[in-house]
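Right, one structure below, let's go through it.
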């Protein structure tokens with residue numbers, strides 16, 4: 001507001017000065033521009049160019065003066081460009097069963113950790129804030145908006161989160177609901193939701209509507225989809241068809257991570273997000289710098305351009321000699 005008010009005052013003062021200057025130059029227009037008493041066509045816009053350049057220079061300098069100083073070290077990501085990674089992690093006891101991995105010797109939790117390590121290694125993780133929601137009989141946020149990858153790795157590999165819940169059946173929908181609640185106030189189309197589960201038990205209804213902040217969803221299944229393991233009175237295995245339906249209900253993609261890591265094309269699809277316009281990357285500081293450059297260049301270069309090409313009138317001996325010769329010839333003929 002201060003920058004705009006100051007710019008408005010400077011523009012008004014510049015318009016007044018140009019008006020007075022125009023009245024004074026009108027008296028000597030014949031001397032400056034010849035019999036036509038007018039400058040070149042483009043030069044008639046010079047007063048408005050000077051006013052615009054003065055206003056832009058004022059706005060840029062005042063804005064830079066009022067903005068807090070910023071140090072650029074080359075590795076930081078502007079806050080308005082930072083994305084979020086929202087992980088819904090199944091921590092039920094069935095995730096401890098060892099039937100995952102290419103050889104079927106890893107536990108499902110270990111396989112999930114491997115998949116996420118590979119995922120983190122192939123995305124610009126420094127541009128992300130990571131939030132983890134643990135889900136078993138309920139859902140609990142474990143980490144919110146962290147940029148420390150070691151904290152995320154500790155949660156995935158060493159933290160026994162299943163002890164934070166009462167024993168019972170896995171309620172994966174509760175984890176999705178908690179993720180949707182956390183993502184509700186975040187920036188639109190700036191979050192990637194990843195659900196990691198063995199697909200042991202998923203209810204057929206109760207799926208919440210995802211907020212507009214979530215633009216991509218990925219459901220990753222772990223565990224042997226063919227042969228199951230007996231736990232808690234039932235046979236537990238990765239139910240591929242149920243997880244595919246879950247991905248459809250979340251408007252996302254499903255990946256069977258039991259034997260293969262996430263594909264490069266899939267990672268690019270879910271991490272790039274919507275195309276960012278160049279103008280979305282510019283902050284108020286960049287606009288102020290551009291205004292300063294524009295104003296300074298116009299004010300510095302305009303006098304020279306006016307001197308070189310401001311008018312076609314160029315009196316002097318080189319131009320008056322032909323006219324004098326023609327006058328002499330006409331006199332002799334008479």
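Given (1) at pLDDT below 80; (2) within 30 Å of residue 290 (Cβ to Cβ); (3) touching a helix residue (DSSP H, G or I) at 6+ places or on another chain (Cβ under 8 Å), identify the lone condition not met by residue 14.
(1)
Only one of 64, 48 is in a helix (DSSP H, G or I) and either surrounded by fewer than 11 Cβ atoms within 10 Å (Cβ to Cβ) or over 33 Å from the mean Cα position of the chain (by Cα) (or both); which?
Working: 64 fails: either surrounded by fewer than 11 Cβ atoms within 10 Å (Cβ to Cβ) or over 33 Å from the mean Cα position of the chain (by Cα) (or both).
Checking each option against the conditions leaves just 48.
Would you confirm, using the coordinates I've provided, whether residue 131 is in the same structural domain as residue 259 (by TED's automatic domain parsing), part of a loop (DSSP other than H, G, I, E, B) and within 22 Å of residue 170 (Cα to Cα)? Explain how you work it out, then say what you get.
Details: in the same structural domain as residue 259 (by TED's automatic domain parsing): yes; part of a loop (DSSP other than H, G, I, E, B): no; within 22 Å of residue 170 (Cα to Cα): yes.
Answer is no for this residue.
Do you know which residues across the stretch 140-173 are over 18 Å from residue 126 (Cβ atoms) and in a loop (DSSP other than H, G, I, E, B)?
158, 159, 160, 165, 166, 167, 168, 169, 170, 171
Does the stretch 174-192 hold any residues that are part of a helix (DSSP H, G or I) and touching a residue at least 12 places away in the same chain (Cβ under 8 Å), and which are they? Before you say what the answer is, go through the steps one by one.
Filtering the stretch 174-192 down to residues part of a helix (DSSP H, G or I) leaves 174-183.
If the condition is that a residue be part of a helix (DSSP H, G or I) and touching a residue at least 12 places away in the same chain (Cβ under 8 Å), then 174, 175, 176, 177, 178, 179, 180, 182, 183 are the ones that fit.
So residue 35 ticks every box in (1) in contact with a helix residue (DSSP H, G or I) (Cβ under 8 Å, 6 or more places away or on another chain); (2) in a loop (DSSP other than H, G, I, E, B); (3) more than 17 Å from residue 301 (Cβ to Cβ) but one. Which box is left unticked?
Going through (1) in contact with a helix residue (DSSP H, G or I) (Cβ under 8 Å, 6 or more places away or on another chain); (2) in a loop (DSSP other than H, G, I, E, B); (3) more than 17 Å from residue 301 (Cβ to Cβ) one by one, residue 35 breaks only (1).
State which residue is farthest from residue 255 (Cα to Cα) when the search covers only the stretch 269-292 and only residues that are modelled with pLDDT of 65 or more and in a loop (DSSP other than H, G, I, E, B). Give the derivation first.
Our first condition is that a residue be modelled with pLDDT of 65 or more; within the stretch 269-292, this holds for 269-271, 282-292.
Okay, now just the ones that are also in a loop (DSSP other than H, G, I, E, B), so 282-283.
Values: 282: 36, 283: 38 Å.
My answer is 283.
Among the numbered criteria (1) part of a helix (DSSP H, G or I); (2) free of Cβ contacts under 8 Å to residues at least 12 places away in the same chain, which single criterion is violated by residue 15?
Of the numbered conditions (1) part of a helix (DSSP H, G or I); (2) free of Cβ contacts under 8 Å to residues at least 12 places away in the same chain, the odd one out for residue 15 is (2).
List, please: which pairs have Cβ atoms under 8 Å, are six or more places apart or on different chains, and start with a residue in the stretch 102-118 that is part of a loop (DSSP other than H, G, I, E, B) and end with one that is surrounded by fewer than 19 Cβ atoms within 10 Å (Cβ to Cβ)?
Here the result reads 102/259; 104/98; 105/98, each pair linking the stretch 102-118 to a residue that is surrounded by fewer than 19 Cβ atoms within 10 Å (Cβ to Cβ).
If you take the residues of the stretch 241-255 that are within 21 Å of residue 85 (Cβ to Cβ) and not in a loop (DSSP other than H, G, I, E, B), which of them is nearest to the chain's Cα centre (by Cα)? Steps first, please.
Here is the first cut: in the stretch 241-255, the ones within 21 Å of residue 85 (Cβ to Cβ) are 243, 246-247, 249-255.
Filter once more, keeping what is not in a loop (DSSP other than H, G, I, E, B): 243, 246-247, 249, 253-255.
Working: 243: 31, 246: 29, 247: 26, 249: 27, 253: 23, 254: 26, 255: 27 Å.
My answer is 253.
Of all residues in the stretch 67-93, count the ones that are modelled with pLDDT of 80 or more, surrounded by 12 or more Cβ atoms within 10 Å (Cβ to Cβ) and not in a strand (DSSP E or B).
Let us first name the residues in the stretch 67-93 that are modelled with pLDDT of 80 or more, namely 67-68, 83-93.
Retained after the next criterion (residues that are surrounded by 12 or more Cβ atoms within 10 Å (Cβ to Cβ)): 67, 83-93.
Cutting the leftovers down to not in a strand (DSSP E or B) gives us 67, 91-93.
Going through the stretch 67-93 one residue at a time, the tally reaches 4.
For the stretch 193-206, does any single residue satisfy the condition of being in a loop (DSSP other than H, G, I, E, B), within 19 Å of residue 128 (Cα to Cα) and modelled with pLDDT of 85 or more? Spell out how you get there, then give the answer.
Here is the first cut: in the stretch 193-206, the ones in a loop (DSSP other than H, G, I, E, B) are 198-206.
From what is left, the residues that are within 19 Å of residue 128 (Cα to Cα) are none.
The answer is no, given that none of the residues of the stretch 193-206 is in a loop (DSSP other than H, G, I, E, B), within 19 Å of residue 128 (Cα to Cα) and modelled with pLDDT of 85 or more.
The values are calculated or read from the model by the stated rules, or taken from the named source; none is laboratory data. None of the values given here were measured: they were computed from a predicted structure. No Cβ is skipped: glycine too gets one built from the backbone with ideal geometry, and neighbour counts run over all protein chains shown.
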